[in-house]
Structure formats: structure tokens, C-alpha cells
Amino acid sequence: MTAGGTRPLIGVLALQGDFREHEAALAACGTASAEVRTRAQLEAVDGLIIPGGESTTIARLLLAYELMEPLRERIHAGMPIWGTCAGAILLANDVPGLDRPPLGVMDISVARNAFGRQIDSFEADLDVSGLEGGPMHAVFIRAPVITRVGPGVDVLARLSDGRVVAAREGRLLATSFHPELTQDGRMHLLFAAMVADAARTEAA
């Protein structure tokens, strides 16, 4: 982890899903990243992105790689986490139909595959709270939707019909869409700022 003024290191959970796209997006933003598959690798990073993929598969692999409890411990200790699509599902404390327990660390309810199958994927322009520069073009692929937010959760973005697709609770960030599949790096920069702020706080 950071020490002596070095820049924060963002981990990308690399068990399944589009982790390489997140690594490329972070590199484009000038942010250092590392793949995380082991507990030692998890301990070496200052923040973690849980990518899109298959939520049930990632949940099973977290258990198989003995990462579920260590990851919960890091989150409870204050490590920033960003879940995109499947990652958002795993952060939630209420996910109907998931065949393995999620991390359950964020006070949200999430409906899986809320928009249908892969063929029903779509794109939309979103106004994201906290992002300057106008709407963000968002890609939704077999996307979930956040159906409930707890009292400590801030809604960051909604679709035109009002459904919530991005939220933040302290150092936890969840998005239903895939910023790593566009050339817009603002969400990655937002998360990098969250990680840097957490690292400064811990170092103080």
C-alpha cells in the first residue's frame, strides 16, 4: 500500500469479467493498477474495482479463492471499493436470486438482469452527480438496477424513467453501467480521487 508519499495503487479483481478493460481505463487516466487474485495481492492495494461479468461466478470464485472474508475485512477497515455491473450486485446487502451470498456491505437492493438478456443491452446519456463536463455516455449490458437505497446512500445517476443506476455510500461506489467500455475516464478519475483521499486520511 501507499507509504512515504507514493501514489495509491488501485486493484482490479481479476477472477472473471472485464478486468482488463478497467486496467486499460485506469492506465489512460494515469492511475497505477494491479490485478488481484490472492489475499496478498488484496493487502497490497489501496482500493479495489470489482468488474462486470457474471455475478454468481464471481461470488463463487471469491469463496473458492478465500477472498470473501478478507475483502469484507478490508472494506470494514475503510478501503474504497467500486463495483460495476456484476460488481455492484456483489456490494449490495440485498440481491434476490443470487445463489451465493454477496459481500453485503452496501445498503442497497439490486435486481439482477433488470433490463433483460444480452440482446437487450443499450446505451444512454446520464447526468452523474459530482462529475463535471456534461452527461456521461453509459453502456448497459445485462445490467442490474438499484431498486432501494438506504438512508446513508447518495443516488448519483438515474435513467430517464427514474431508475437508479449509480450510487455511493461513503467509500463504496456502485454503477449499473460499464464506464470502462467508453473513452470517458471521469468515473475512473472519481474513484481514483476517492482512493487517494482515503490513503491521505489513513496516513494522517
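The values are calculated or read from the model by the stated rules, or taken from the named source; none is laboratory data. For clarity, every value in this text was computed on a predicted model and none was experimentally measured. So basically every Cβ, Gly included, is an ideal-geometry build from the backbone, and we count neighbours across all protein chains shown.
The residues listed here are ARG148, ARG112; of these, the one that is basic (Lys, Arg) and either at pLDDT 95 or above or more than 22 Å from ASP18 (Cβ to Cβ) (or both) is ARG148. Mind counting the residues in segment 76-112 that are hydrophobic (A, V, I, L, M, F, W, C), under 17 Å from VAL165 (Cα atoms) and over 13 Å from the mean Cα position of the chain (by Cα)? Result for segment 76-112: 4.
Within segment 42-73, the residues that satisfy the criterion of being more than 24 Å from ASP99 (Cβ to Cβ) and under 16 Å from the mean Cα position of the chain (by Cα) are VAL45, ASP46, GLY47. Among the conditions (1) under 20 Å from GLY170 (Cβ atoms); (2) loosely packed, with under 14 Cβ neighbours inside 10 Å, ILE50 misses just one, which is (2). Look through THR175, THR182, THR147, THR201 and report the one residue that is under 18 Å from the mean Cα position of the chain (by Cα), within 23 Å of ALA32 (Cβ to Cβ), of a type outside the set (Asp, Glu) and surrounded by fewer than 21 Cβ atoms within 10 Å (Cβ to Cβ). Of the residues listed, the single one that is under 18 Å from the mean Cα position of the chain (by Cα), within 23 Å of ALA32 (Cβ to Cβ), of a type outside the set (Asp, Glu) and surrounded by fewer than 21 Cβ atoms within 10 Å (Cβ to Cβ) is THR182. Taking the criterion of being farther than 13 Å from THR84 by Cβ and surrounded by 24 or more Cβ atoms within 10 Å (Cβ to Cβ), the only residue of segment 11-24 that qualifies is GLY11. Would you please name the residue that is nearest to PHE191 (Cα to Cα), looking only at residues in segment 25-47 that are polar (S, T, N, Q) and surrounded by 15 or more Cβ atoms within 10 Å (Cβ to Cβ)? Among those residues, the one meeting the criterion is THR31. With respect to GLY130, is the statement that it is without any contact (Cβ under 8 Å) to a residue 60 or more places away in the chain and assigned to a loop (DSSP other than H, G, I, E, B) true? It is false that GLY130 is without any contact (Cβ under 8 Å) to a residue 60 or more places away in the chain and assigned to a loop (DSSP other than H, G, I, E, B). Cβ-Cβ distances below 7 Å connect the following pairs, each with a first residue in segment 24-47 that is under 16 Å from VAL195 (Cα atoms), a second residue that is polar (S, T, N, Q) and in a loop (DSSP other than H, G, I, E, B), and a separation of six or more residues or different chains: ASP46/THR2.
Any residue at all in segment 75-91 that's crowded, with 24+ Cβ neighbours inside 10 Å, without any contact (Cβ under 8 Å) to a residue 40 or more places away in the chain, among the β-branched types (Val, Ile, Thr) and within 22 Å of MET187 (Cα to Cα)? No, that holds for no residue.
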